[in-house]
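So the structure is just underneath, and the comments pick up after that.
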Amino acid sequence: MSRRCTPALLTERLSAWWFTPAPAARLAGTRITHGAFSLWYLAKRRSMLAEIHRSGTNDFAPVGPGRILSKPLPATVADRIVDATLVAAAAAATGLCYRVTGPMAGALLTWTLSYRNSWTMIFHNDNLMVLHAAALAAGPSADALSVDAWVRGCRTGPSGADARYGWPLQLASTTTVTTYALAGVAKVAGPLGWKWTSGESLRRQVAVDGVRKEAFGSPASPLAYKLYGNVTLFRILALGSMAIELLGPIAIFDRRLARLWALAAWQLHWGILAIMKIKFRYQLSGAAYASFMDLERLIRR
Amino acid sequence: MTPLTRRLAATYSLALLGAVITPVRQNWRPKTRKDGFPLSYYPMFSARRPATTTVYSLVGVAADRTRVRLPYRIAGTGGLNQVRRQINRCVAEGRTEELCQRVARELIARNQQQRSLFSEIVSVDLVASKFRLDDCFAGDGLVGEETVLESMTCVDTQP
């Protein structure tokens, strides 16, 4: 039997790809980007979260780790957990005692955002932020560009690339493409199947979203009105978004292709913002795709 | 990396990716599909959308019977879609009176603080509005058939 098609060879190749060496600064750059975004995102919502914590038990529908609760936490306890998450996220972003603060920030972010999503509405833009925290916290993400590295007297971290800095990035990127693929599968497995790509459902989705906004006194995007009649355009948009969602797991195996995919996914979210005024903030900021980029090049400049 | 750390990294990676993929099973459950967080099957935009849609929303009524659509912020916090879902849940669970009372109280409080744009409003209606999407987006704007589900006065009776 030829060696070409043995499972052992496949495992070997997958392993070589998964443990592709990367410089410490690339992983550190992703940690800083993720940490800075998480910090900004939570700090901006601190008062809104405090309001949600006081919104009563009727709308409490716990998700994720929050399911251990049968009723909401006392509001002040929930508030303090948000504050602890902010502190841990700041420490993780700066790489201070990262071995402790990295996993702690990841765990607290998971709790805080799960609790935030436990009031009848799941915000799907939060998922990746939490999953990326889990990927980054598992690796030596603060070996460069961190307080820890500065204390050790090696600000830029060890020279050269190493597999230990590569795999957390692969994990973050693979998680990203997987979530998009799941969204694509949900559409194909949904009531419309592949007919979803006809664009009609997307067109109506845009309209339904616009009507809901208008019914609550928030104007829909002017672009939604302008484009609504253009069925062909919606077909192209539906095909494009389906391609982005389903092709990610293939693109991930080639670094250049993966970067192109990340660019396309980023554009997809800007398109959603323009037509539907829906903000996937983590994706729009570009922070969600940091693990695809050679961030060390920016830092070197 | 030592063989042990490689193995640990591979195990952790497989566990996380496995957990991320697991919710895909929800797609093949006949009726009881359940979304979660942070592990989701990402059902957004996948539902079949008919040519009409019904929205439960709040309308303020002035003394001269003028009707104003109330912004979601008066009914709750956390964003438009979260508040909309909470209103849907109130309707489904028959808590419409409680919702209107809460909104009326909020309007009275805002009027007392003199920061309300809705000082003319004397009552709050919870309405079910049925919209034809083509009419709204290619025609005359937001015009639908409206049914009042609950109505509540919101005049401050305190001296």
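Listed values, structure above:
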read-out	value
Helical mean residue ellipticity (222 nm; -39500 (n - 2.57) per DSSP H run of 4+; nearest 500) of chain B	-11000 deg cm²/dmol
Förster radius 25 Å - calculated FRET efficiency between A:ILE299 and A:LEU263, Cβ distance, rounded to 0.05	0.75
Relative contact order (%) - region A:239-296, alpha-carbon pairs under 8 angstrom, separation at least six	28
Normalised contact order of chain A, rounded percent, pairs of Cα under 8 Å and 6 or more residues apart	23
For chain B, size of Cβ-based charge dipole, Lys and Arg +1, Asp and Glu -1, in debye	1160
Rounded tilt (10° steps) of B:3-21 against the dominant C-alpha axis of chain B	40
Under the span-like rule (Cα at least 15 Å along the axis, Kyte-Doolittle mean at least 1.6), DSSP H helices of chain A	A:127-137, A:231-251
Subset of A:LYS226/B:LYS31; A:LYS44/B:LYS31; A:LYS187/B:LYS130; A:LYS71/A:LYS187; A:LYS44/B:LYS130 violating a 31 Å alpha-carbon distance limit	A:LYS226/B:LYS31; A:LYS44/B:LYS31; A:LYS71/A:LYS187; A:LYS44/B:LYS130
Cut-off 13 Å between beta-carbons: net charge of the residues surrounding B:THR2, Lys and Arg +1, Asp and Glu -1	+2
Cα gyration tensor shape of chain A, rounded if a/c is under 1.5, else prolate or oblate by comparing a/b with b/c	oblate
Most positive-pole-ward Cα, B:PRO38, B:ILE121, B:THR153, against dipole of chain B from beta carbon charges	B:PRO38
Rounded Å value of the spacing that divides the Cα centres of region B:67-93 and region A:178-252	24
Neighbouring partner chain Cβ atoms per residue of A:228-241, average, 10 Å criterion	1
Alpha-carbon Rg with Dmax, taken over region A:152-301, Å	18.8, 62
Ascending count of other beta-carbon atoms within 10 Å, so fewest first, for A:THR11, B:THR77, B:THR54	A:THR11, B:THR54, B:THR77
Sequence of A:LEU145, A:LEU86, B:LEU149 once ranked by neighbouring C-beta atoms within 10 Å, starting from the fewest	B:LEU149, A:LEU86, A:LEU145
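Laboratory data are not the source of any read-out in this text; all were calculated from the coordinates shown. Because the structure is predicted, anything quoted here is derived from the model rather than measured. Virtual Cβ from ideal backbone geometry, glycine too; neighbours counted across all protein chains shown.
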